[in-house]
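Report on the following structure.
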Amino acid sequence: MKILFVGDIIGSPGRQAVRRLLPALVHSRGIEFVVANAENAAGGKGLTPAVAQELFAAGVDVLTNGNHVWQHKEILGYIEKEERVLRPANYPQGVGVPGRGSGVYVTASGVKIAVLNLIGRVFMHPYDCPFRVGGPEAKRLRRETPVVIVDFHAEATSEKIAMGWYLNGEVSAVVGTHTHVATADERVSPEGTALITDVGMTGPFDSVIGVVKEPVIEAMIKMMPARHVPAKGDVRLCGLVIEVDAASGRASDVERVCLKLKETVGGEEDHADPDRSGE
Ligand SMILES: [Fe+2]
Ligand SMILES: [Fe+2]
């Protein structure tokens with residue numbers, strides 16, 4: 001079976017790319033299940049219930065997240081009850097962080113697929129250890145289904161590759177997200193685990209990782225904070241198609257995809273985000 005993982009969806013341009021490009025991609029490739037990282041889907045940072053519903057309606061089955069998951073307060077109640085929206089599993093344990101870090105889902109043809117969302121610690125906040133949380137969690141999920149897809153939302157290439165080897169043979173795929181820049185190292189290990197260090201982004205490429213570029217350049221020169229607004233030009237949908245044997249959970253092939261949206265985007269309501277933190 002084929003599973004598609006879609007890279008960080010950026011604001012309304014990214015959502016338009018999903019709405020306009022995903023259905024044909026799913027149909028032409030015979031894709032059975034779609035996971036997408038949605039941490040930037042609402043206004044460039046975070047996710048709202050309305051945006052999640054829009055992405056589900058466009059054909060996404062499960063939404064993963066990352067460091068921007070709590071940007072909009074509406075997500076707090078929603079993530080408790082919507083099992084198709086995940087947040088990293090290694091947020092602090094036992095202290096009441098809302099939502100869940102993994103789930104098991106059933107495709108239209110009856111195949112069970114587990115999705116696990118983890119977040120890295122290198123050049124990021126001191127979350128709980130993604131290895132010590134992710135290892136046992138992957139084992140637990142494997143008892144429910146051999147098909148396990150991991151979104152490792154992390155900055156450092158080394159941490160993501162290390163996670164790929166740590167979970168090698170345990171999961172079907174370790175897909176890196178967060179940097180918004182696709183890496184060209186997609187592969188499948190002899191033990192049947194697919195890995196890509198970063199799957200890239202679904203959003204405007206005429207930008208600095210999705211954001212209007214001029215204020216970011218100015219901020220870097222002046223060493224002052226910049227307002228981050230999603231850009232609009234050169235919108236693409238980037239992802240990874242993973243071929244997995246449903247019975248064994250072993251991946252057999254991966255292919256990077258990056259489709260360009262022909263239409264220009266715009267005319268949709270999207271609020272700029274005053275948050276000045278980096279990606
Ligand atoms: Fe992101
Ligand atoms: Fe991120």
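Every number here is computed from the coordinates shown, using simple stated rules; none is lab data. Just so we're clear, the structure is a prediction, and the values are computed from it rather than from any experiment. Reconstructed Cβ throughout: ideal geometry from the backbone, glycine too, with neighbour counts over all protein chains shown.
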> Per the Debye formula with a single identical scatterer at each Cα and no solvent contribution, what log10 I(q)/I(0) holds for the chain at q = 0.12, 0.14, 0.17 Å⁻¹?
Replying inline: -0.66, -0.92, -1.39
>> Need the full-extension length gain, residue 168 to residue 83, defined as separation in residues times 0.36 nm minus the C-alpha distance. One decimal, nm.
In response: 28.0 nm
> Nearest 20 debye, what's the magnitude of the dipole of the range 91-164 about its Cα centre given +1 on Lys and Arg Cβ and -1 on Asp and Glu Cβ?
Replying inline: 280
>> Looking only at the chain, where both bridge partners belong to it, what percent of the DSSP beta bridges are antiparallel (to the nearest 5)?
In response: 50
>> Let me check I've understood the local charge: for residue 57, count other residues with C-beta under 14 angstrom from its C-beta, Lys and Arg +1, Asp and Glu -1. What total comes out?
In response: +1
> Got a sec? Which residues in the range 1-20 would a label at residue 227 touch, if it sits 7 Å along Cα→Cβ and we count backbone N under 20 Å?
Replying inline: 11-13
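Using helices alone, I'd like the mean residue ellipticity at 222 nm for the chain: each DSSP H run of four-plus residues gives -39500 (n - 2.57), total over residue count, nearest 500.
Theoretical 222 nm ellipticity from helices: -7500 deg cm²/dmol.
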> With springs only between Cα atoms under 10 Å, which of 220, 124, 201 fluctuates most in a Gaussian network model of the chain?
Replying inline: 220
> At 4 °C and 1.567 mPa s, what whole-number value in µm²/s does Stokes-Einstein give for the translational diffusion of the range 166-247, with Rh from the Kirkwood sum over Cα pairs?
Replying inline: 88
> Mind checking the alpha-carbon convex hull of the range 14-107 and giving the volume per residue in Å³?
Replying inline: 94
>> Only four residue types carry charge here, +1 at the Cβ of Lys and Arg and -1 at the Cβ of Asp and Glu. Report the dipole size of the chain about the Cα centre in Debye, rounded to the nearest 20.
In response: 240
>> Suppose a student asked you for the relative contact order of the range 64-150, using Cα pairs under 8 Å spaced at least 6 residues apart; what percent would you report?
In response: 26
